[in-house]
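Have a look at the structure below, then the notes.
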Amino acid sequence: MKKTALLCALLALTASTSYAKDWNEIRLASEGAFPPFNIIAADGSLQGFDIDIGNALCEEMKAKCTWVKQDWDGMIPALVSRKFDAILASMSITEERKAKVDFTQKYYASPLALIAKKGSPLQPDLQSLTGKKVGVQRGTVADNYATRYWDGKGPEIVRYAKQDEAYLDLRSGRMDAAFSDYLEAWGGFLTKPEGEGYDVAGERLFGKNAEEKGVIGEGIGIAVRKRDKELTEKLDRAIAAIRANGKYDAIQKKYFPMDIYGN
């Protein structure tokens, strides 16, 4: 019995020792299809606001980081299956996602917005969108919101693998509106030549009540496996550090003329 107990204790100690990590090497995942936050450059590398933030965090943590390209639909399953260690891909912190993964504190915040032709009378509500086709990127917060409040109740929700596909169909007239993260729409469409003649239709959506805010989320954070508490804590400390030392502001000004962190 004593030998068995000793063996169990040694196995437990070995398991805990092997699980503990110093996180000197971290694999970060992003999509590359959500400009200006994450895009795939001509040389095949990931670039954008998310990538610059991730690199700044790794520098702050003195960690060697590598980037992994991952399609949006499979982001959380791939994280859980250990394909990489953290998701840095403009993922909103929602109650549904927190049931599967942990999140750092936010590193920016953005409302949702309906995008349509300038002067459009459309509003981001059920009555206005009844009978209209609205394009969303599959698996995003915009998709979750449209599914809960609009789908099957009047509007036709059309889902795309990538956000720019929704904008392409909007420009061709196959969609009446696109629905997405506001900052993504601003940086990835409205400020580009192809976005000329389009604008935000109606108000931006931050969530009018607790239920809507639960769907839209608490801001944009970095997703980490629940078991990797040390990594989440290290990333939180690094986010606070780059906010304090000016690195965050320098990266933000590279992409946006406004504050995107929020209160």
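The values are calculated or read from the model by the stated rules, or taken from the named source; none is laboratory data. Please read all numbers here as calculations on a predicted model, not as lab measurements. All Cβ positions, even for glycine, are placed from backbone atoms using ideal geometry, and neighbour counts span all protein chains on display.
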| message | Out of everything in region 124-146 that is of a type in the set (S, T, N, Q) and surrounded by 15 or more Cβ atoms within 10 Å (Cβ to Cβ), what residue ends up being nearest to S90 (Cα to Cα)? | response | T140
| task | Would you mind stating whether E203 is under 20 Å from the mean Cα position of the chain (by Cα) and of a type in the set (D, E)? | result | no
| query | Taking region 227-258, which residues are among the small types (G, A, S) and touching a residue at least 60 places away in the same chain (Cβ under 8 Å)? | reply | A238, A240, A241
| note | Listed by first then second residue, the pairs whose first member lies in region 164-192 and is touching a residue at least 24 places away in the same chain (Cβ under 8 Å) and farther than 18 Å from D50 by Cα, whose partner is among the charged types (D, E, K, R) and buried (at least 24 other Cβ atoms within 10 Å of the Cβ), with beta carbons under 6 Å and at least 6 positions apart or on separate chains, are none
| field | Residue under evaluation I51, criteria (1) part of a strand (DSSP E or B); (2) over 16 Å from T232 (Cα atoms); (3) not polar (S, T, N, Q), criterion not met | value | (1)
| message | For region 211-230: of the residues being within 13 Å of the chain's Cα centre (by Cα) and not hydrophobic (A, V, I, L, M, F, W, C), which is nearest to F49 (Cα to Cα)? | response | G221
| field | Condition met for K153 (closer than 16 Å to A177 by Cα and not assigned by TED's automatic domain parsing to the domain that holds N245) | value | no
